[in-house]
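A.B. asks: My structure is below; once you've seen it, I'll send some questions.
The values are calculated or read from the model by the stated rules, or taken from the named source; none is laboratory data. Computed from a predicted structure; not experimentally measured. With ideal geometry, Cβ positions are generated from the backbone for all residues, glycine too; neighbour counts draw on all protein chains shown.
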Amino acid sequence: MSLVLPRVSEPAASEHPTAPLLRIRDLEVQYRTAHGRVDAVRGVSFDVEPGKVTAVVGESGSGKTTVAQSVIGLLASNGRIGRGSIVLNERRGGPTELVGLPERRWRDLRGRCIGLIPQDPGNSLNPVGTIGASIAESLRIHGWRDRRRIRARVLELLEQVGIDDPARRARQYPHEFSGGMRQRVLIAAAIANDPELIIADEPTSALDVTVQRTVLDLLDRLRQETGTGVLFITHDLAVAAERAESVVVMRGGEVQESGPSGRVLTKPGSEYTRQLIADAPAFGGIADRERIVVSEPAPDSETETGLAPGTVPRRAPGTVPGGDPGDRGAALVEVRGLRQEFHTGRSSSPFIAVDDVSFAVRRGATHALVGESGSGKTTTGRAVAGFARPTAGSVRVGGTEVTQLRGRSLREFRRSTQLVYQNPYGSLDPRQTIGRVLAEPLRNFGIGARGEHGERVAHALDLVALPREFAQRRPRELSGGQRQRVAIARALIVEPELVVLDEAVSALDVTVQAQILRLLASLQRELALTYVFISHDLAVVRQIADTVSVLQRGRQVEHGAAEQVFSAPQHPYTRQLLEAIPGRAPTWMI
């Protein structure tokens, strides 16, 4: 599949300003930790031009977010800029050196000159404030006083970022929004004051492809109309290729390669850049199904999961716990007529989140639930995992009617069925070490002797390609992608039969995402695991899914074999989703 390059043509040389909007030179950033000083960024230099997008890409822990935090003066309390220069060319104030700027000056610049779209919508919105109040706060900080004018601007911004019924939504609270909708609210707040520089730190990682396209189109319009420059932090190379004029590739705190996106992403000079491109699903990479089907391991050898023989009960491919070879074709999960209603208290009519959804998942297979934010994917997944009792319908797992389980039987069911949550920030106890987080399910279910837990935890870290010494760290010391790997390890440590993965790879950079997808395929073959895979990333879904349900506003509009749905979609909504995948054209359009 050919690479899709930025849509905006390069301006003539005379159109370039004499100085870039943002100029970073020789930036070095260190963190003080309990284990000593960590050099997070070393000698980083690049520019952001007015009206242009500069994308910074790289794996988790490469220093991307640290650079962004340095530019907006929001480094963690244990971080400091050791040396280097960050110059912002304000429209009104001229060049301003941001390194060493006093906090009073920062308060004037943030929001007005520099807007930030943070990565995590769960921790970035006031849980006791309405959505409208969260967006209005930025306006009030910078001098807006007229309440009617503020309200009109808030509603305009909500509509701009694709949130329906803005007047009603502005009165709601963050917990009433999906993750993708909360991310759109953060984008609305960031652009409220029309800043000249926007720092977008993984702004679309929680968004489905159609909303992602809407948001990126919005940022494109903003920069074209106002000359706003965008510093775009992302692990999605397809988005970088499609939207950025310049790309900076980072690894281990250093720049591996930088330059025009057309050159860097089609003729990379760095081996690391070539690996990133190979692993990106929308660029091909492991997009072919056979690339993630692992070969059968040699007898008594270590598997590529990192688990030594005997650590996890080894089963022949196609077998299941307590079953015979050949059971693989039987359905493990059967969902029939699922309906989920929610009563909000504001209306006598319930909100119907899921309406008559039905599908089956055979043992050892992967069924994907795809659709936009608010389509009912997560609600369906929680019902399958026994975390929500549906209003109507049946959910059977291994012959057990999940909707009828209570008390001890429900607790036992949750050992065999695990849920990996979408948000790694909210699902890990910040007070516990990673080792205790991973050992907690072992203690809860009485698995193994307490003296064996340390080794089981170490193997679980191997499983998700994290260093064993991470067992002594706390969640705040890990990047977002590293935290998500911990969440996956916690689910797998109890050796479940069914795993419901709710956007489990959306926070991962492409290299780690590729590793996790290969890992999931390996574990599925080795242990006959069954997956319900919830995702807004259709490029990833095509790699891993055997069957797919496409959900729209709670209803299942298309269902079938993954290859059939992707190559010959029957429903207009499915075609719309496929058209929105960045960096590639759907096969049915070719």
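A.B. asks: From the list 87, 56, exactly one residue is under 31 Å from the mean Cα position of the chain (by Cα), in contact (Cβ under 8 Å) with a residue 12 or more places away in the chain and more than 26 Å from residue 183 (Cβ to Cβ). Which is it? Steps first, please.
C.D. replies: Values: 56 fails: more than 26 Å from residue 183 (Cβ to Cβ).
One residue alone meets the criteria, 87.
A.B. asks: Select from the range 100-130 the residues that are over 30 Å from residue 428 (Cα atoms), loosely packed, with under 14 Cβ neighbours inside 10 Å and touching a helix residue (DSSP H, G or I) at 6+ places or on another chain (Cβ under 9 Å) and list them in ascending order.
C.D. replies: 107
A.B. asks: Right, here's the next one. Inspect the range 55-73 for any residue being basic (Lys, Arg) and assigned to a loop (DSSP other than H, G, I, E, B) and give the result as yes or no. If you could, list the steps in order and put the result at the bottom.
C.D. replies: Narrowing the range 55-73 to residues basic (Lys, Arg): 64.
This time we only want the ones that are assigned to a loop (DSSP other than H, G, I, E, B), so: none.
Checked the range 55-73: no residue is basic (Lys, Arg) and assigned to a loop (DSSP other than H, G, I, E, B).
A.B. asks: Let me ask something else. Taking residue 138 and the conditions (1) touching a helix residue (DSSP H, G or I) at 6+ places or on another chain (Cβ under 8 Å); (2) part of a loop (DSSP other than H, G, I, E, B), which numbered condition does it fall short on, given that it satisfies the others?
C.D. replies: Answer for residue 138: the failing condition is (2).
A.B. asks: Then there's this: Of the residues that make up the range 166-180, is at least one out of contact with any Leu (no Cβ under 7 Å at 6 or more places or on another chain), in contact (Cβ under 8 Å) with a residue 60 or more places away in the chain and hydrophobic (A, V, I, L, M, F, W, C)?
C.D. replies: Within the range 166-180, none of the residues are out of contact with any Leu (no Cβ under 7 Å at 6 or more places or on another chain), in contact (Cβ under 8 Å) with a residue 60 or more places away in the chain and hydrophobic (A, V, I, L, M, F, W, C).
A.B. asks: Something else: Scan the range 108-124 and tell me whether some residue there is under 22 Å from residue 72 (Cα atoms), in contact with a Ser or Thr (Cβ under 9 Å, 6 or more places away or on another chain) and part of a helix (DSSP H, G or I).
C.D. replies: Yes; the residues of the range 108-124 include at least one that is under 22 Å from residue 72 (Cα atoms), in contact with a Ser or Thr (Cβ under 9 Å, 6 or more places away or on another chain) and part of a helix (DSSP H, G or I).
A.B. asks: Does the range 415-434 contain at least one residue that is in contact with a helix residue (DSSP H, G or I) (Cβ under 9 Å, 6 or more places away or on another chain) and under 20 Å from residue 574 (Cα atoms)?
C.D. replies: no
A.B. asks: Quick check on the range 159-192: of everything there that is in contact with a helix residue (DSSP H, G or I) (Cβ under 6 Å, 6 or more places away or on another chain), in a loop (DSSP other than H, G, I, E, B) and not β-branched (Val, Ile, Thr), which residue is nearest to residue 208 (Cα to Cα)?
C.D. replies: Ranking the qualifying residues of the range 159-192, first place goes to 162.
A.B. asks: Oh, and also: Yes or no: the range 444-466 includes at least one residue that is hydrophobic (A, V, I, L, M, F, W, C), assigned by TED's automatic domain parsing to the domain that holds residue 502, in a loop (DSSP other than H, G, I, E, B) and surrounded by fewer than 16 Cβ atoms within 10 Å (Cβ to Cβ). Before the answer, list the steps.
C.D. replies: Filtering the range 444-466 down to residues hydrophobic (A, V, I, L, M, F, W, C) leaves 445, 447, 449, 457-458, 460-461, 463-466.
Right, trim to assigned by TED's automatic domain parsing to the domain that holds residue 502 and you get 445, 447, 449, 457-458, 460-461, 463-466.
Still in the running and in a loop (DSSP other than H, G, I, E, B): 447, 449, 464-466.
Subsequent filtering for residues that are surrounded by fewer than 16 Cβ atoms within 10 Å (Cβ to Cβ) retains 449.
Looking for residues that are hydrophobic (A, V, I, L, M, F, W, C), assigned by TED's automatic domain parsing to the domain that holds residue 502, in a loop (DSSP other than H, G, I, E, B) and surrounded by fewer than 16 Cβ atoms within 10 Å (Cβ to Cβ), one finds at least one in the range 444-466, hence yes.
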